[in-house]
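Read the figures in this text as sums done on the coordinates, not as results from a lab. Keep in mind that this is a model prediction, so the values were computed, not measured. Here the Cβ is made from the backbone with ideal geometry for all residues, glycine too, and neighbour counts use every protein chain on show.
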Amino acid sequence: MCALRPRQPRRLPCAALVFLTVLGGTSLVEGADRPPREPGLVELPPVRVTAPAALSEGLPRSWVPGAVDLLEGDEIGASRERVLPDAIRRLPGVTLQDEQGNPLQPTVSIRGFVVSPVTGLPQGVSVFLDGVRINEPTVEEVNFDLIPLEAVERLEVIRGPSVLFGRNTLGAAINLTTRRGEERRELTTSVSGGSFGHVDTRFLLGGTARPIDYFLSLTASYEDGYRDFTESRVAHAFGKIGVRAGVLDATVSYQYSNDRIKQAGSLPQSELRLDRRANFTAGDFFAPELNMAIVNAKYPIGEHVTLEGNGFVRALSAEQFNVNLVTANSRLLNSTLSAGGSLQASVRGMIAGRSNVTIVGVEYVNSQITSRTFEEQSEGEALEAHVSDNQNAVGVYAQNTLELFRGFLGPPSSLVLTTAARWDYLSHDISDQLGGPSSGTHTYNRVNPRVGLNLNLSERLGFYFSYSQGYRTPAFLELTCAGPGSVCPGLQVGVAPDPPLQAVTATNYEVGMQVSPFPWLTVDVSLYRTDVSNDIFSVSPTGTTGVFFQNIARTRRQGVEVSLQGHVTRQVDAYLNYAYTSATFQESTELATPLPPGVESVPAGSSFALVPQHRINVGVAYRPWPWLTLALAGRYVSSQYLRGDEANTQPKLPGYSVLDASVTGRWLGFEGFVRINNLLDNRYETFGTFAPNARMPGTPVERFLSPAQPVNVLAGLQYRY
C-alpha cells in the first residue's frame, strides 16, 4: 500500500464490449484538442508503450489496443516496498505466493501465468529494466531482490502477449524505467525499521550540470526474518549519467548488487500447527552478485523519424544451497554473462491524410551460462553435474498504428487500427562438461502476429479489441530436465536433454472498455481468453526430491478484470478492483505428482494449482490536512488448489483477507511514516504442496504450507533537500 497516497494505478484502455452511451464531457485523452481539465479530475498521461529499446515513441492512450497498468514517481517510491511484487500487488489479478519462505523471493501470478525466482517454475511473464530483459537465461526466472526498486521512476504492466516485448511474454510484460537527475538537485536520506529486526537505509542523489544529468542510489536492507533462520541482507548501488546535447538524448547506467537470503521454505502441516515460525530445512540460502551496465540513446532525424537503441552487459554469479533431509544436500553454482543490444526506428507521418505511427526494430542477445551442481558427502563435496549453454537470441519486429477515421461522432471520436508482427529465434548449444548425455543443440523460431482496434466514441468512452500470439521457448535447465529419466535433483541442473521439449504458443483474444461516467471516476473493464499449446509444466514424482518438465497439449486462461479509480474529493482518493481468473486443462493428461501412486489423471476442465479464481483489492487515502495522509488498503484472495493436485481431488488452500494501514506526515523537508501490515493479525498461508515428512519415516505424504507473516510494523524517517 502506498503510504503517501495509495491510489489505484492508472489503467489504460481496458475491456468489455458493453455499450455505455457517454458522449462529450471532460477529456481523459491526451491531445491538442483537449479542453481545460475540470477540477477534481484524475488526469492520465499518454501511454508510452516501450519496446525493448527504452525511451520509445509515445502513443496516445486511445491508440493502445490493450490493458496497461501504470505506476509513476511517488506511487512507487512512497510505498517503501523492497521488491517489485509488493509494489504491484494491488493491481487487478496479481497474486503473490511465498514458496521460498522469504518475503524477498515471492512468486507472482498474473492472468494464470507466473514470474518467479524459483527455478522449477515455467515462467510466462517478461521483466525489462531500461529496455533490457532481466529474466535469467537459465530458466527465465526473475530475481526480484536484484531489482533496484528505489531507483525506478516508471512501472508498466502490459498484459497479454506482446510483439514489442517478444519471446516468453505470454501473460504480461513488466517494464521498468529508472530515474534521471532533475533540474532541482535532490539529496535524500532515509532510515526505517520495524518488526523481525528489519532495518533499511537509503541514500539518493540527483541533479543536473548541463548538458549532464546524474542520479545515484545506495541502499542496504537487513532483517532477522519472521521464520527461524531467515536472516537476509540486500545491498544495491545504482548510478546513471545522462546527456542532452542538441537532439541527442543518451544515458549510461551501472548497477551492483550483492545479496544473501536465507530461505525457510514450506512447513509440514503437522509442524505448522505447533510453530508457524519453524524452519523445516534450516540452512537453505541464495547468494547472488550482479554487475550490469546499460547504455540507451535516442536521436531524432528531422520531425518525423526517431532512432533509439541500447546496449548492455550483465554478469551474474549465484549460489543456491539446499538442505535435504532424505538425500545429500546440494549446492548449485550458476554464472551467466549476457551482452547484446537493440535498435529501433519510429516514424510519424500521414497516410492518405490519416495520422500514422510505424515502429520497426531488431535485437540480439548472447548469453554464456555455466551451471554446476555439487552434492555433500561424508568425504566432502562431489561434482554431480557440470553443464554449459551458449544462447543466441534474435528478434525482429514491426508495428503500425493508423487512425482510420476521426470526428464521426464529434472531434474526439476515432477508429484506430494496429497491426504488428515479430520473428524470434533462439538457439541453445548445450555442453555436458562431464561427458554425459546432456550435450546437444536446440533451435526455435516463430513469427507472432498482432491485430488491434480502438473505437473511441468520446473522450469519456473508448473500446478496444485485440488478437495476438505469444511464444515461449524451453529454457536451458528445462531442456536438461525434460523427462522422467532426467529428474533434476533439488530443482537444479539435470543430466539428459531427451526427450526435447516443444515451444509454447499462446493465442490471446481480448476486448476492453474505459469509461468516465463522472469527472471524478474512471472505470476499466477487460475480458480475455488465452489458449495455450504445448504448455510446459514442472512435475515432481513420488519419492523424489526434484522435478522434470513436460509439455501439456492444450490449456487455457480466461477471465475478467474490473477497476474503479476515483478522486472523490480534494481530501479523498479511493480504488477498487476485482479479477476473475480461470486457468484450466483443455484435455485429459497424465502428470507426475508427489501424491501416491506418483501419477495423477487430470481430467479436461481441471483447474491449475495456485491460481485463485477471485481477487479483490480496495484502498482509500484521506488527507485531513495537507501535511497528513491516513491510508487503508485491503485485499481478498480466494481458495486455491495445492501444487501437485492438478486433478483437483484434495482440499484447497483456504482463501484469505488482509488489511494494511499507514500514517504519513510531512514537515518542511522531513517525512515520517508508520505502516502496519496485516492489521487484524490474520493467520493464513499463501503456498501449498505435498511431500513426505522426512522427520517421520513411514508416514504418508503430507501437506506442506508456507505461513504468511502476522501483524508487523514498519516506521521510518526521511529527509529530502
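Charge tally around A592: other residues with Cβ under 13 Å, Lys/Arg +1 each, Asp/Glu -1 each, net -3. Karplus-based coupling profile of the range 613-623, in residue order and whole Hz: 6, 10, 8, 10, 10, 8, x, 8, 10, 10, 10, with θ = phi - 60° in 6.51 cos²θ - 1.76 cosθ + 1.60 and x standing for Gly or Pro. Legend: ranking of residues V701, V243 from fewest to most surrounding C-beta atoms inside 10 Å; resulting order V243, V701. For the range 140-259, the C-alpha radius of gyration sits at 1.28 times the compact-globule guess of 2.2 N^0.38 Å, with N the residue count. Annotation: the residues Y578, Y471, Y721, sorted from fewest to most other C-beta atoms within 10 Å of their own C-beta, follow the order Y721, Y578, Y471.
For K652, the aspartates and glutamates whose Cα comes closer than 19 Å to its Cα, not counting residues fewer than 8 places off in the same chain, are D98, E99, E271, E600, E685, E702.
Cβ neighbours within 10 Å, averaged per peptide: list 514-521, 130-137, 649-656 in order, most packed at the top. All intermediate terms of the calculation are to be shown ahead of the outcome.
Working: 514-521: 19.2, 130-137: 25.0, 649-656: 15.8.
For the peptides 514-521, 130-137, 649-656, the packing ranking is 130-137, 514-521, 649-656.
Summing charges over all other residues whose Cβ lies under 14 Å from the Cβ of V365, with Lys and Arg as +1 and Asp and Glu as -1, gives -2.
Counted by Cβ distance under 12 Å from A553, the other residues give a net charge of -2, where Lys and Arg count +1 and Asp and Glu count -1. A Cβ-based charge dipole, computed about the Cα centre of the range 283-382 with Lys and Arg at +1 and Asp and Glu at -1, lands at about 760 debye. Each of S195, S526, S538 has some number of other Cβ atoms within 10 Å of its Cβ, and from fewest to most they run S195, S538, S526.
As a test of the formula, what do you get for the chain when each DSSP H run with n ≥ 4 contributes -39,500 (n - 2.57) and the sum is divided by the residue count, at 222 nm and rounded to the nearest 500 deg cm²/dmol?
-500 deg cm²/dmol
Taking 27 Å as the straight-line reach from the Cα of K240, the lysines in range (excluding those fewer than 8 positions away in the same chain) are K298.
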